[in-house]
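K.L.:
This is the structure, below, for whatever I ask next.
What follows draws every value from the coordinates through simple rules; no lab data is involved. All values derive from a computational prediction rather than experimental measurement. Neighbour counts run over all protein chains shown; Cβ positions are idealised from the backbone, glycine included.
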């Protein structure tokens, strides 16, 4: 059975072959008569071209990357643990894992925004001069150039999903 591209190519080929003369005269003028035996037939050429348009063969192939947020968590009794999930030239996504009493000291990033999403526990976030406790399923933005940090002031573990863009590690 022929693909739709091959069928379309076949119809084009028959239409060209049915036309009297000009195709052959052009071939004679350029000395190309008979060369078609060594090249692809018009149906193959047109069929391949149509198939590539239909099936997107020329589009780049990518592999979807996924992570399980629960199984990626890693805690350390010594200090806050950062686990990279994804990183590109434009952004990164990490999980920050804090045992009770651990913290990320206030700091800032020029030209890069950071977003914290609480996955587990309660964190005390400082953004600029403001401080607030946030729990599971809450999110906070730390704009570029503003001091920010987080502390686990609770007796439970704290896990955060953290995004930053643009990626300061790739600047």
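K.L.:
Could you work out the Kirkwood radius for the stretch 125-171, taking every pair of different alpha carbons, averaging 1/r and inverting it, reported in Å? Could the numbers behind the result be given before it?
P.N.:
Numbers: mean 1/r = 0.0810 Å⁻¹.
Kirkwood hydrodynamic radius for the stretch 125-171: 12.3 Å.
K.L.:
List 75, 125 from most exposed to least, where exposure is judged by having the fewest other Cβ atoms within 10 Å.
P.N.:
Working: 75 15, 125 20.
So the ranking, lowest neighbour count to highest, is 75, 125.
K.L.:
Taking neighbour Cβ counts within 10 Å as the exposure measure, how do 107, 148 sort from fewest upward? Provide the component values of the computation, followed by the final result.
P.N.:
On the way: 107 10, 148 20.
Fewest-to-most Cβ neighbours within 10 Å comes out as 107, 148.
K.L.:
Take the Cα radius of gyration of the stretch 81-170 and divide it by 2.2 N^0.38 Å, with N its residue count; two decimals is plenty.
P.N.:
On the way: Rg = 12.3 Å, N = 90, 2.2 N^0.38 = 12.2 Å.
My calculation over the Cα atoms of the stretch 81-170 gives 1.01.
K.L.:
How much length would be gained if the chain were fully extended between residue 88 and residue 73, taking 0.36 nm per residue of separation minus their Cα-Cα distance, in nm to one decimal? Please report the intermediate quantities before stating the final value.
P.N.:
On the way: separation 15, 0.36 × 15 = 5.40 nm, distance 2.05 nm.
Roughly 3.3 nm would be gained on extension.
K.L.:
Taking the Cβ of each residue in 76, 71 as the centre, tally the other Cβ atoms inside 10 Å and list the residues starting with the fewest. Mind showing how you got there, number by number?
P.N.:
Working: 76 11, 71 7.
The most exposed by this proxy come first: 71, 76.
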